[in-house]
Amino acid sequence: MAILINDDKKLFTLQTRNSTYQMKVGEFGYLYHLYYGKRIDHQDLSYLLYDGPSHFTPYPYESKNRVGSLTLMPQEFPTVGTGDLGSVALDVENADGTRIIDLKYKGYEVLAGKYSLTELPSFYSHNNDAQTLKITLVDVISDIEVELYYGVFEDKDVITRAVVISNLSENAIQLKKTQSLSLDLISGQYDLIHFHGRWADERNFERVSLTHNVTTFGSDYGISSAKENPGFILLNKDTTEETGDCYGFNLVYSGNFQATAELGTLEQSRVTLGLGDNEFSWQLDPGAMFEVPEAVMSFSSTGLTQLSHNFHDAIRENLCRSKYINGPRPVLINNWEATYFDFTGKKLLEIATAAKDIGADLFVMDDGWFGKRSDDNSSLGDWFVNEQKLGCSLNELVTKINALGMEFGIWFEPEMVNEDSELYNAHPDWVLNFPHRRPLLSRGQMVLDMSKEAVQNYLFDRISDVLDSANVSYIKWDMNRPITEWYSKDLTDSRQGELQHRYVLGLYKLLGRLTRRYPDVLFEGCSSGGARFDLGMLAYEPQIWTSDNTDAINRLKIQYGTSFFYPISTMGSHVSASPNHQNGRVTPFETRANVAMAGTFGYELDVTKMSDADKKQAKAYTDFYKRVQEMTFEGDYYHLVSPFDRDNDAVAWQIVAKDQSKSLVTIVATDVVGNPPFVYIKLRGLKSNAKYKIKDNIYSGDALMNAGLKLMQPKGNYLQNKFILKKLPILNELEVRFCRPPQQENLAETHGSTWS
Ligand code: GLA
């Protein structure tokens, strides 16, 4: 049983395979949080609660002996006005202007399966693998009820949380801050890992100590953003990839969010995560309810790798809904870096024809096919095919590409509009901007008011028309600017604070309609690369373009940071041209190909310009990828050598099939050194008593994991060493791919020396 309840003690215990989460209703009716950590028996842990004096902090009026200050008690859902002087999870302004919501326990319910939300995406249960606990709290003075939902995925060590706030009174209240989760940890010294970045440099790993200052991070970009990802980790000081306690938190949401982490006055820790409260407010009318987006958390007592595996499994099996999540994903060729805006139907067909030879399955026509768009100054919003530019109808082009044996995909940026467009001329009031002021532009474009039903309907009709006019099997859904002007002509002045959330609700509504109507279409998310890489989008789109930066060496960090929460099957990753278009770096083909294989592999270059030798090489990589795709998508991912560790001249990772019969190890040299040090890489996740064959050598899993794999650096140069293995009855397959560092292509061809 995942949910254990002791009614007499009002004790609630959520048990997963390896973790325990416990809450209890205390003396004054407050719901205290007792424990989240390594699994322990169902016993009452309330002896842990602080029962000393309140030391000049406020305590409940009913308290006879001045104990029970909410500043000191670990709480499940701290709220404003109750004497909790830390970061609260819920802040409201009542009709009389008071800022208080005093929530006391009312009751509970255990529900079979996993709860879902009505307007927001959430994790779902699969083969009865989840149970729900609902705890209801109420403020009896203001008549506001709050339901706390817990979805317990016992086997996955994952717990989801959501909050529903209902106004049962006769007066409207203003929600000022709504968090999806708050977690109080009574003891422990923690570090925080978060993933920050910018365009072309997303999800950098940063580990900092928790301090008595509140560490606040989040996004005010209107999207989850490249600046910060909603996923973050709290971990013991000595926790590593393989050992120690760690907690992961993430949000199923794609808009503004906020997370806080702090040490309390008595060294207790608190984290919160939920909607961003900057400029946010929500008028909750009598009888209305408000859903706070779902948060998801997991605990591992055996290090960060296990924590990642917990998230990867749950995201693949319980969040992504597309039929593409199970089964082969097409290798795509995208024309963006090949042509930018400068293409014709003929040119696209040539690229597709050449790409067929290197094994691509799907041709994607990127930006520039609609309206009169020939650069990024016009036509966003005018989703009508530019037949003049293509030299044919969309259907004719798609038919020709289908005749090659390839599928066809298309780019949209639905949420945007250019001033120079028919849509803007017809509906200037559909744009988000402040009255009497000129709009801010970003990439020359403005944002449509997605909270408006008319906008959603227009986009649904336009996208459907395009999809219905030809055999389109893939959509790249882009979003290329932050949202800055939170003002909708449809909302009254007092409701403008609702817009940032209403925008996201409108987006989800549209995505829900389209993905339901086109269940066979593969959707890939994108936002100037990876600026909206989050669980909300993954609920609709099983893969997201990880970054506009396609340089394989920069991608080592971007993909490494992304992989802590998000599985390989969600990360769009392509082989592009060398020198790289973003940073001019030259990298060998095998480096680009092997790095792209740690994602949904594809190409983003002009295949017609590749030499026959390069095309042959590319075909071999595509074939290899198709052989290993299932394993990389379904297997377990291990970090071996971090790109964020400056002492290393190589980066390495490993994917192991769930049954441990196969593994793929990738090592990328990032520098060459004279008189190189010895390098041994310890593999992970293998069966210790099994034999693995690498090239012509046979090793025991034990040896590879404990003594390691020897990497010999030859003098002068690096060359990729690949070991393609035949599976033998008693052996397991293990593929090791070693990639040359940048700037070494020509030397390698001359000298051909190897690592082994
Ligand atoms: C964004 C995307 C790119 C490409 C361009 C097209 O930058 O991230 O992949 O689609 O838009 O304008």
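Bear in mind these aren't lab numbers, they're just calculated from the coordinates by the rules spelled out. On a predicted model such as this, the values are computed, not experimentally measured, just so you know. Heads up, the Cβs are rebuilt from the backbone with ideal geometry, glycines too, and the neighbour counts pull from every protein chain shown.
A few comments on the model shown:
- Between Glu109 and Asp468, the simple spin-label model (points 7 angstrom out along Cα→Cβ) gives 4.0 nm.
- Label-to-label distance, nm, for residues given as Ile100 and Asp41 (7 Å Cα→Cβ offset): 4.3
- Of Phe232, Val331, Leu14, farthest towards positive along the dipole that unit charges on Lys, Arg, Asp, Glu beta carbons give the chain: Val331
- Assigned charges on the beta-carbon of Lys, Arg, Asp, Glu; the stretch 506-592 dipole about Cα centre (debye): 220
- Charge dipole of the stretch 385-433 (Cα centre as origin; +1 on each Lys and Arg Cβ, -1 on each Asp and Glu Cβ, all else neutral): 320 debye, rounded to the nearest 20.
- Positive-end residue of Val398, Leu499, Ala288, charge dipole of the chain with Cβ unit charges: Val398
- Cα gyration tensor, the chain - rounded (a/c under 1.5), prolate or oblate: oblate
- Simple point charges give the picture: +1 on the Cβ of Lys and Arg, -1 on the Cβ of Asp and Glu, and for the chain a dipole about the Cα centre of about 2340 debye.
- Beyond 20 Å in Cα-Cα separation lie the following of the pairs Lys476/Lys658; Lys24/Lys106; Lys452/Lys476; Lys347/Lys615: Lys476/Lys658; Lys452/Lys476.
- From its DSSP helices (H runs of at least four residues, each -39,500 (n - 2.57)), the chain gives a residue-normalised ellipticity at 222 nm of -5500 deg cm²/dmol.
- FRET efficiency estimate (nearest 0.05) - Cβ-Cβ, Lys619 to Arg17, R0 56 angstrom: 0.80
- Bridgeable aspartates and glutamates around Lys626 (alpha carbons under 17 Å apart, same-chain partners fewer than 8 residues away excluded): Asp357, Asp361, Glu407, Glu590, Glu634, Glu733, Glu735.
- Cross-link partners for Lys372 among the aspartates and glutamates, with Cα-Cα distance under 17 Å and sequence neighbours closer than 8 places in the same chain left out: Asp342, Asp382, Glu387, Glu413, Glu419, Asp420, Glu422.
- Estimated translational diffusion coefficient (Stokes-Einstein, Kirkwood radius over Cα pairs, 37 °C, 0.692 mPa s) of the stretch 154-195: 222 µm² per second.
- Longest site-free stretch - the chain; sites: GluC sites (Glu not before Pro), DSSP loop, at most 10 other Cβ within 10 Å: 171-756
- In this simple spin-label approximation, Glu350 and Ser442 carry label points 7 Å from Cα along the Cα→Cβ vector, and these lie 3.6 nm apart.
- Cα gyration tensor, the stretch 279-376 - rounded (a/c under 1.5), prolate or oblate: oblate
- For the chain, the antiparallel share of DSSP beta bridges with both residues in that region comes to about 75%.
- With N as its number of residues, the stretch 511-582 has a Cα radius of gyration that, divided by 2.2 N^0.38 Å, comes to 1.18.
- Cβ-based charge dipole, the chain, positive-most Cα from Pro519, Leu181, Ala596: Ala596
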